1. Can you give the helix-only mean residue ellipticity at 222 nm for the chain, where every DSSP H stretch with n ≥ 4 adds -39500 (n - 2.57) and the sum goes over all residues, rounded to the nearest 500 deg cm²/dmol?
2. Report the longest stretch of the chain that contains none of the trypsin sites (Lys or Arg not before Pro) sitting in a DSSP loop with at most 10 other Cβ atoms within 10 Å.
3. Could you put 94, 148 in order, starting from the residue whose Cβ has the fewest other Cβ atoms within 10 Å?
4. I need 86, 136 ordered by Cβ neighbour count within 10 Å, fewest first.
5. Report ³J(HN,Hα) in whole Hz for each residue of region 56-67, in order, from the Karplus equation J = 6.51 cos²θ - 1.76 cosθ + 1.60 where θ = phi - 60°; Gly and Pro get x.
6. Based on DSSP, what percent of beta bridges with both residues in the chain are antiparallel, to the nearest 5?
7. For helix 3-19, report the angle its Cα long axis makes with the longest principal axis of the Cα atoms of the chain; keep it between 0 and 90° and round to the nearest 10°.
8. Fewest first, what order do 97, 139 take by the number of other Cβ atoms within 10 Å?
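Read-outs: derived from the displayed coordinates by stated rules, not from any lab. Everything numeric in this text was worked out from a predicted model, so none of it was measured. Every residue, glycine among them, receives a Cβ derived from its backbone with ideal geometry; neighbour counts consider all protein chains shown.
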Amino acid sequence: MDSIKAEIAAVAARSVVEEGLDFGAAKRRAAQQLGLSSRQGLPDHETMEQAVQDYIAIFCPESQALELGVLRGIALVWMERLARFHPHLGGAVWRGTATRHSDIYLQLFCEDSKIAEITLIDMGVRFQASQVTGLHGDTVDALSVQIWCEEFKSYLGLHLLVNDLDGIRGALQSDAQGRRWRGDAKSLRSLMDNGQDAST
């Protein structure tokens with residue numbers, strides 16, 4: 001691996017774990033902190049994820065494990081509430097690198113995104129709607145909810161990305177190491193019961 005990219009990843013990992021920055025913002029900040037050119041190549045996603053795992057293992061393995069458990073528990077509650085939309089958990093909460101600063105990302109699948117919005121309204125849940133890039137590169141609706149977390153004594157973000165029902169076929173794709181990028185409620189329960197992360 002390029003030693004400069006490895007250094008960027010190591011510096012960026014601290015911002016991801018300690019502040020909740022996304023990988024892109026953390027990499028750009030790290031490159032700037034290291035005085036590198038804006039044309040400098042940045043580490044890829046898997047390099048960043050490994051750097052974050054390394055940082056956690058060294059600096060906060062016990063506290064991070066507890067925080068991850070809380071986040072996964074909250075995610076599971078919402079996956080059960082929204083079971084009709086075949087929710088799949090992704091991001092750091094699924095992959096096992098989340099901390100109290102991480103948001104929860106659920107991919108939902110339904111024939112009409114408005115049905116998901118109506119469901120939240122019927123549940124009395126306030127949300128903000130926006131549009132983001134979906135699983136297959138198309139634009140999808142995102143419904144963002146602020147949830148009070150008693151364990152953290154703070155709010156955390158829950159983002160519901162509403163995909164076409166047909167999109168569920170590609171939801172369980174894997175990375176180069178065969179690790180899945182997301183999982184359903186059954187898979188999440190298995191991780192929680194076995195104390196595993198999605199990289200094992």
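1. Theoretical 222 nm ellipticity from helices: -14000 deg cm²/dmol.
2. 40-125
3. The fewest-first ordering by Cβ neighbours comes to 148, 94.
4. Fewest-to-most Cβ neighbours within 10 Å comes out as 136, 86.
5. Each residue of region 56-67 in turn: 4, 4, 8, 9, 8, x, 6, 5, 5, 4, 5, 5 Hz.
6. The answer is about 75 percent antiparallel.
7. 50
8. 139, 97
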